[in-house]
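Q: Mind looking over this structure? Questions follow.
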Amino acid sequence: MWVFFNDAYLSIIAHPDRPDTLLVRGRFKGDIETVFPGIETSETPERDYRYRALIDRQTVAKTLADRAFNIDYGNFKNSVKDNNRHRVYADVWRIMESAQLFFLTKKPR
């Protein structure tokens, strides 16, 4: 699951050996800690997601639910305060807009 917060971007996947644990991955230093304060992270420069943390499913689920419950903005892009993050998210937005248009006009064979 990819999750774009206005202050963090995470990729969350199942741990291959621990069913009660999720592997939370981040591309940017501090993103995991922003969403999960106090969680121990590791840096893995050789991997596609440089930052990682093992977090129990209940904690991840509760944190994501709390974040959703506390949304207070009417426009996600405008809520992103960091200029670099905003630029990257805007690129993602444009790509997804193009994909939407492609799928709307795609004709079956």
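Q: Counting only residues that are basic (K, R) and in contact with an Asp or Glu (Cβ under 9 Å, 6 or more places away or on another chain), which one in segment 71-87 is surrounded by the most Cβ atoms within 10 Å (Cβ to Cβ)?
A: R85
Q: Please verify whether segment 20-27 includes one or more residues that are over 17 Å from M1 (Cβ atoms) and among the basic types (K, R). Working first, answer last.
A: The initial filter retains those residues of segment 20-27 that are over 17 Å from M1 (Cβ atoms), namely none.
No: zero hits.
Q: Which residues, taken from segment 57-100, are at pLDDT 95 or above, part of a helix (DSSP H, G or I) and of a type in the set (G, A, S)?
A: Residues satisfying the conditions are A61, A65, A68, S79, A90.
Q: A further question follows. Step by step: first the residues of segment 39-50, then only those that are of a type outside the set (S, T, N, Q) and under 15 Å from G26 (Cβ atoms), then the one that is surrounded by the fewest Cβ atoms within 10 Å (Cβ to Cβ). Which residue is that? Even if it seems obvious, please write down each step before you answer.
A: Of all residues in segment 39-50, those of a type outside the set (S, T, N, Q) come to 39-40, 43, 45-50.
With under 15 Å from G26 (Cβ atoms) added as a condition, the list becomes 39-40, 43, 45, 47-50.
Working: I39: 14, E40: 10, E43: 9, P45: 6, R47: 11, D48: 8, Y49: 17, R50: 16.
Out of the qualifying residues, it is P45.
Q: Checking the structure you have, find out if any residue of segment 11-25 is among the hydrophobic types (A, V, I, L, M, F, W, C), modelled with pLDDT of 95 or more, in contact with a Leu (Cβ under 7 Å, 6 or more places away or on another chain) and outside any strand (DSSP E or B). Can you show your working first?
A: Applying the first criterion (among the hydrophobic types (A, V, I, L, M, F, W, C)) to segment 11-25 yields 12-14, 22-24.
Among the residues that remain, those that are also modelled with pLDDT of 95 or more are: 12-14, 22-24.
After this cut, where a residue has to be in contact with a Leu (Cβ under 7 Å, 6 or more places away or on another chain) as well, the list is 12-14, 23-24.
If we keep only those that are outside any strand (DSSP E or B) as well, we get none.
No: segment 11-25 contains no residue that is among the hydrophobic types (A, V, I, L, M, F, W, C), modelled with pLDDT of 95 or more, in contact with a Leu (Cβ under 7 Å, 6 or more places away or on another chain) and outside any strand (DSSP E or B).
Q: Being charged (D, E, K, R) and free of Cβ contacts under 8 Å to residues at least 40 places away in the same chain is true for just one of R18, R67. Which residue is that? Lay out the reasoning, then the answer.
A: On the way: R67 fails: free of Cβ contacts under 8 Å to residues at least 40 places away in the same chain.
On inspection, the qualifying residue turns out to be R18.
Q: Let me ask something else. Are there any pairs with C-beta distances below 6 angstrom linking a residue in segment 31-49 that is closer than 22 Å to T63 by Cα to a residue that is at pLDDT 95 or above and among the small types (G, A, S), with the two at least 6 apart or on different chains, and if so which?
A: As it stands, the answer is D31/A8; I32/G26; I32/A53; T34/A8; V35/A8; I39/A53; T41/A53; Y49/S11, since those pairs meet every condition given.
Q: Separate question: Given A90, A68, A53, A61, which one is under 15 Å from the mean Cα position of the chain (by Cα), exposed (fewer than 11 other Cβ atoms within 10 Å of the Cβ) and of a type in the set (G, A, S)?
A: Values: A90 fails: exposed (fewer than 11 other Cβ atoms within 10 Å of the Cβ); A53 fails: exposed (fewer than 11 other Cβ atoms within 10 Å of the Cβ); A61 fails: exposed (fewer than 11 other Cβ atoms within 10 Å of the Cβ).
After ruling out the rest, the residue left standing is A68.
The values are calculated or read from the model by the stated rules, or taken from the named source; none is laboratory data. On a predicted model such as this, the values are computed, not experimentally measured, just so you know. Methodologically, a virtual Cβ is constructed for each residue, glycine included, from the backbone with ideal geometry; neighbour enumeration extends over all protein chains shown.
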